[in-house]
Amino acid sequence: MLKKIAFFLAALIGFIAMYFYLTVYPMIPIGTGYAAKKMCTCHFVAGRSQASIQKDDLRMSPLNLTKTVIDESAKTATATLLGLGAKTAIYKENLGCVLLDGKDDYNVQLNLPEVKRNIAAEWPIGETVSTRKMEGVDYPALEKAINSVFDPSGNMDSIKTRAVVVIHKDSLIAEKYANGFDKNTEILGWSMNKSITSTLVGILVKEGKMSLTDDHLYENWTDERSKITLNDLLQMQSGLKFEENYAEVSDVTKMLFMNEDIVKGIVNNPLDTIIGSKWYYSSGTTNLVAGLIKKEFPTLQEYLKFPHERLFRKLGMHSMVLETDESGNYIGSSYGYATPRDWAKFGLLYLNEGNWYGEQIVDTSWVNFTRQPAEHSGGIYGGHFWHNHDHAAYKDVPTDLYSCNGFEGQFVYIIPSQDLVVVRMGLNQGNEYDANGFLRDVIAALN
């Protein structure tokens, strides 16, 4: 009898071990990679405490089981889960944090000259925010609308809004921050960065270096993939196979947390559907676009400087940090940090038809392209921006709304008919955050 029990226990332990090895163990380096990168950037870029990051940003299971060690002198964060799967992210000046696969084989650096900021000028050109009241704005109603999306305690208990910034007629008329955050706190935009990547393409299109009709985009696309155009990629209708599943080992988790070179990791993906026949949201698609941008520059330094020199510094988005993989590809799908005010400047560029106070950053035709929905998206997406055609997303908000959207409720809403940009940053995008009601009430306060 004892032998049978022992055999049964041994078999059970073996089964559990095998299950762990096949299902749980492969996810550990993905979880620790996520934790290391998030801890590194939130600490070294945004200046937040380790306790705050662990409590809020790594609250989800199993990330709440990760243990991270910060090395202040080396500027690294190393995360493990149950003592396994150690992953390290290292902070680099102007690049934020880079997730390493072992040692830093590429040693990518970005050198940017110092910029003299126009502190005295009024926002958005400078840093001074006017205290003048705008005629026609019901400020008590606006304050009530903003307060409705914050937890009353000031902490992030349920609704988990971190910041709201409201821009009307080019003026910053209201802003609010949760405890531990302020106008100087850089916050990860997640997939709002897809809209940044789109804009970088728009700049190159304006210069005649890229075209929406470009095809034969990658050298190894010698088969049917050679017919994929830049337009197909930006509309998320390329037909390329890509699994956007963050709950398991998939194309997207391997791309973000297990590859030194994210472009090489996905450029060999085959076609899954006929080109242009289906809309499918894919972060891999955006990073292929970022790879195409890189091909336009003869050196890595020129590529790395491009977003800063041609977009961020022109808009005064001095807080903006775009992060790269280890080999130096910008992770255009996901990893860019900026203050809420600087995210608002990006929205303001589009509200003003691509013109930044006299300089046309992207052509109006490009702005119009981003407003047009992809054929098979059901009116919700196009040009790496989200849409509200036919009230598809927000039933009580004008249909000309389009937006940059990111994981966990990062939003830059652009509503031309209301001369309005609204930024909301947080950790919830479900029922806890009533985006439709919030935007409806903000608009009501302006009319």
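The values are calculated or read from the model by the stated rules, or taken from the named source; none is laboratory data. Worth saying up front: this structure is predicted, and the values here are computed from it rather than measured. Positions of Cβ are backbone-derived with ideal geometry, glycine not excepted, and every protein chain shown enters the neighbour counts.
Quick one: in the range 380-436, which of the residues that are of a type in the set (Asp, Glu) and over 20 Å from ASP57 (Cβ atoms) is nearest to the chain's Cα centre (by Cα)? Steps first, answer last, please.
Initial filter on the range 380-436 (of a type in the set (Asp, Glu)): 390, 396, 400, 408, 419, 432, 434.
Checking the rest, the ones that are also over 20 Å from ASP57 (Cβ atoms) come to 390, 396, 400, 419, 434.
Details: ASP390: 26, ASP396: 26, ASP400: 22, ASP419: 24, ASP434: 21 Å.
Selected residue: ASP434.
Where residues in the range 150-202 are charged (D, E, K, R) and part of a strand (DSSP E or B), which of them is surrounded by the most Cβ atoms within 10 Å (Cβ to Cβ)? Before you say what the answer is, go through the steps one by one.
Applying the first criterion (charged (D, E, K, R)) to the range 150-202 yields 151, 157, 160, 162, 169-170, 175-176, 182-183, 186, 194.
Next, from what is left, pick out any that are part of a strand (DSSP E or B): 162, 175-176.
Details: ARG162: 23, GLU175: 18, LYS176: 18.
Ranking the candidates gives ARG162 first.
Sort out which residues of the range 396-414 are out of contact with any Lys or Arg (no Cβ under 9 Å at 6 or more places or on another chain) and either among the aromatic types (Phe, Trp, Tyr) or in a helix (DSSP H, G or I) (or both), and write them in order of number.
Of everything in the range 396-414, just one residue is out of contact with any Lys or Arg (no Cβ under 9 Å at 6 or more places or on another chain) and either among the aromatic types (Phe, Trp, Tyr) or in a helix (DSSP H, G or I) (or both), namely PHE407.
Across the range 110-142, which residue is nearest to the chain's Cα centre (by Cα) among those that are small (Gly, Ala, Ser) and in a loop (DSSP other than H, G, I, E, B)? Before you say what the answer is, go through the steps one by one.
Our first condition is that a residue be small (Gly, Ala, Ser); within the range 110-142, this holds for 120-121, 126, 130, 136, 141.
Now restrict to residues that are in a loop (DSSP other than H, G, I, E, B): 120-121, 126, 130, 136.
Details: ALA120: 30, ALA121: 29, GLY126: 25, SER130: 29, GLY136: 34 Å.
Checking each candidate, the answer is GLY126.
Do the conditions hold for LEU439, that is, is it modelled with pLDDT of 95 or more, buried (at least 22 other Cβ atoms within 10 Å of the Cβ) and over 20 Å from the mean Cα position of the chain (by Cα)? Reasoning before the result, please.
Working: modelled with pLDDT of 95 or more: yes; buried (at least 22 other Cβ atoms within 10 Å of the Cβ): yes; over 20 Å from the mean Cα position of the chain (by Cα): yes.
Here the answer is yes, as LEU439 does meet what is asked.
Given the residues LYS92, LYS103, which is the only one that is surrounded by fewer than 12 Cβ atoms within 10 Å (Cβ to Cβ) and without any contact (Cβ under 8 Å) to a residue 60 or more places away in the chain?
On the way: LYS92 fails: surrounded by fewer than 12 Cβ atoms within 10 Å (Cβ to Cβ).
Step by step, each of LYS92, LYS103 is checked, and only LYS103 is surrounded by fewer than 12 Cβ atoms within 10 Å (Cβ to Cβ) and without any contact (Cβ under 8 Å) to a residue 60 or more places away in the chain.
Go through the range 408-436 residue by residue and tally those that are surrounded by 20 or more Cβ atoms within 10 Å (Cβ to Cβ) and either aliphatic (A, V, I, L, M) or more than 15 Å from GLY189 (Cβ to Cβ) (or both).
Filtering the range 408-436 down to residues surrounded by 20 or more Cβ atoms within 10 Å (Cβ to Cβ) leaves 409-415, 418, 420-427, 433.
From the residues that got through so far, the ones that are either aliphatic (A, V, I, L, M) or more than 15 Å from GLY189 (Cβ to Cβ) (or both) too are 412, 414-415, 418, 420-423, 425, 427, 433.
Adding up the residues that qualify gives 11.
Inside the range 349-395, can you point out the residues that are among the β-branched types (Val, Ile, Thr) and not in a loop (DSSP other than H, G, I, E, B)?
First, the residues of the range 349-395 that are among the β-branched types (Val, Ile, Thr): 361-362, 364, 367, 370, 380.
Within the range 349-395, THR364, VAL367, THR370 qualify.
Which number in (1) without any contact (Cβ under 8 Å) to a residue 24 or more places away in the chain; (2) within 29 Å of ASP170 (Cβ to Cβ); (3) in contact with a helix residue (DSSP H, G or I) (Cβ under 7 Å, 6 or more places away or on another chain) marks the one condition that GLY358 misses?
With (1) without any contact (Cβ under 8 Å) to a residue 24 or more places away in the chain; (2) within 29 Å of ASP170 (Cβ to Cβ); (3) in contact with a helix residue (DSSP H, G or I) (Cβ under 7 Å, 6 or more places away or on another chain) applied to GLY358, the lone miss is (3).
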